[in-house]
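Remarks on the structure that follows.
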Amino acid sequence: MRSDELFSRAVSLLPGGVSSPVRAIKPYPFYTDAGKGSRISTCDGDELIDCCLGYGPLILGHAHNQVADAIRSQLEKGWLYGTPTELEILMAERLIRDHRGIEMVRCVSSGAEATMAAIRLARGYTGRKKILKIEGGFHGAHDSVLIKAGSGATTLGIPDSAGVPPAVAELTGQVPYNDAEALATILSEDTDIAAFIIEPVMGNVGTILPEKEYLKEVRAITEEHDVLLIFDEVITGYRLGIGGAQEQYGVTPDLTTLGKIIGGGLPIGAFGGKREIMEMIAPAGPVYQAGTFNGNPLSLAAGIATIDLLRGDPAFYTRLDEQARVIEESIPGTADGSFVRTGSMFTYFFRNAPPENYTEAKESDTTRFGAFWKKSLASGIFFPPAQFESCFISSTHTDEDISSIAGAFSSCLN
């Protein structure tokens with residue numbers, strides 16, 4: 001197999017043979033040659049229906065023609081200036097218009113960079129040192145949040161990372177998801193907490209939904225203790241709908257982090273929030289954040305085209321929801337796992353009831369997931385290769401694709 005040959009070369013050149021841990025499929029990963037619409041083609045000659053979609057950004061599918069046109073148009077004018085561009089303003093106008101929690105915004109290069117900067121801003125604004133996060137919440141691979149982290153860290157069984165100084169780890173506390181009482185207890189006991197960062201819908205330990213009123217309780221508790229609430233909407237932003245989870249659940253955070261879909265498949269991140277907080281960012285204020293690729297024109301052009309396409313189709317999210325519902329309803333009645341979905345984002349947990357937090361998600365049978373994943377791949381469906389990830393569909397998934405995905409659940413769960 002060509003993929004086997006490529007991996008044999010890669011293992012001596014890249015740590016573990018890959019550029020990100022979640023791609024480390026055993027005995028070797030397949031290598032992708034191309035992607036178009038709902039499908040990817042491998043170097044081994046296989047065509048797969050893609051339910052990973054770059055881990056979420058490709059809500060319009062691979063190589064969408066209008067997004068590609070926007071990229072080509074910008075390429076002809078140059079792809080890096082190191083100066084302001086109108087594209088920064090156009091993107092900011094859209095993000096502010098679409099999110100109840102954003103009054104000003106700074107564009108960066110990745111979701112991880114956005115969360116890192118938002119945490120620094122929260123500390124600078126409040127003058128406090130500590131932060132709280134959700135157990136199993138993943139906010140990028142930086143020191144402050146690699147504490148009981150989800151995503152690849154959960155899959156590999158290393159929820160804490162070597163190289164994070166104990167003194168840094170001590171500044172990050174954790175509380176269970178869907179446990180407002182635990183949050184209230186910690187905040188009442190510790191007055192040095194600057195911010196609480198949370199995925200409003202957990203996505204990096206699989207899709208876990210907030211219990212009724214939980215996010216509103218979180219908002220009330222953080223306000224009571226003057227702690228900034230950071231919604232990490234890197235996954236949910238423009239995935240759950242225009243305005244993301246904060247619009248869907250009617251909760252306004254102090255700061256919001258975004259990524260993935262807002263770049264149309266190119267590298268991007270952004271963080272924004274209340275004006276009085278954001279004006280602490282340099283050069284307006286004393287909290288430093290900078291980057292050569294901040295406001296990269298190619299990423300902005302792709303992202304603006306993507307957002308405009310999403311907003312320009314009033315039935316866009318309804319169609320995706322209906323297609324995902326077909327998949328959900330295909331689960332055999334004899335299956336003893338649990339399908340969790342919100343819109344076009346879903347996870348099948350090999351656990352007999354939907355998990356409500358990280359601890360319960362970890363009870364899932366990863367051996368059974370591995371067997372299911374291999375069967376699904378052999379049937380032509382590419383799900384993310386870990387129990388602790390979310391799956392996605394795009395607007396380019398046809399009814400035939402959805403039937404194939406549903407068929408994989410029907411046949412491969414047995």
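Report, ordered by chain and residue number, the lysines lying within cross-link reach of Lys374, taken as a straight Cα distance under 17 Å and ignoring same-chain residues fewer than 8 apart.
Counting by Cα, and skipping residues close in sequence, Lys374 has these lysines nearby: Lys26.
By how many nm would the segment from Leu13 to Glu189 lengthen if fully extended, with 0.36 nm per residue of separation less the alpha-carbon distance?
Stretched fully, the Leu13-Glu189 segment lengthens by 58.5 nm.
Give, to the nearest whole percent, the P(r) tail of segment 8-149 beyond 28 angstrom, counting all Cα pairs.
42 percent
For Glu329 and Thr32, compute 0.36 nm times the residue count separating them, minus their Cα-Cα distance, and round to one decimal in nm.
103.9 nm
Putting +1 on Lys and Arg Cβ atoms and -1 on Asp and Glu Cβ atoms, find which of Ser20, Ile89, Asn414 reaches farthest to the positive end of the dipole of the chain.
Ser20
Where a ≥ b ≥ c are the square roots of the eigenvalues of the C-alpha gyration tensor, would you call segment 160-242 rounded, which needs a/c under 1.5, or, failing that, prolate if a/b is larger than b/c, or oblate?
oblate
For segment 43-120, what does the convex hull of the Cα positions come to per residue, in cubic angstrom?
Per-residue hull volume (Cα only) is 179 Å³.
How far is it, in nm, from the label point at Ala167 to the one at Ala353 when both lie 7 Å from their Cα along the line to the Cβ?
4.5 nm
Order the peptides 391-403, 211-223 from the highest to the lowest mean number of other Cβ atoms within 10 Å of their residues.
The peptides rank, most packed first, as 391-403, 211-223.
In whole percent, what relative contact order does the chain give with Cα contacts below 8 Å and a gap of six or more residues?
23 percent
Between segment 13-66 and segment 270-301, what is the separation of their alpha carbon centroids in Å?
31 Å
In deg cm²/dmol and to the nearest 500, what is the mean residue ellipticity at 222 nm of the chain if only DSSP H runs of at least 4 residues count, each as -39500 (n - 2.57), divided by the residue total?
My calculation for the chain gives -10500 deg cm²/dmol from helical runs alone.
Once the Cα atoms of segment 198-252 are picked out, what are the Rg and Dmax in Å?
That works out to 11.0, 31 Å for Rg and Dmax.
Please report, in debye to the nearest 20, how large the charge dipole of segment 260-393 is about its Cα centre when each Lys and Arg carries +1 at its beta carbon and each Asp and Glu carries -1 there.
260 debye
Quick check on the chain: what are the equivalent-ellipsoid semi-axes from the Cα gyration tensor, as sqrt(5λ), descending, whole Å?
Taking √(5λ) for each eigenvalue gives 32, 26, 21 Å, largest first.
How large is Rg/Rh for segment 63-218, to two decimals, with Cα atoms and a Kirkwood Rh?
Rounded to two decimals, Rg/Rh equals 1.03.
Pull out the extension gain between Glu363 and Ser379, defined as 0.36 nm times the separation in residues minus the alpha carbon to alpha carbon distance; nm, one decimal.
3.1 nm
Find the relative contact order for segment 323-367 and round it to a whole percent, using C-alpha pairs within less than 8 Å whose residues are 6+ positions apart.
28 percent
Bear in mind that the values in this text are calculations on the coordinates, not laboratory data. What you see is a predicted model, and the numbers here were worked out from it, not measured in a lab. No Cβ is skipped: glycine too gets one built from the backbone with ideal geometry, and neighbour counts run over all protein chains shown.
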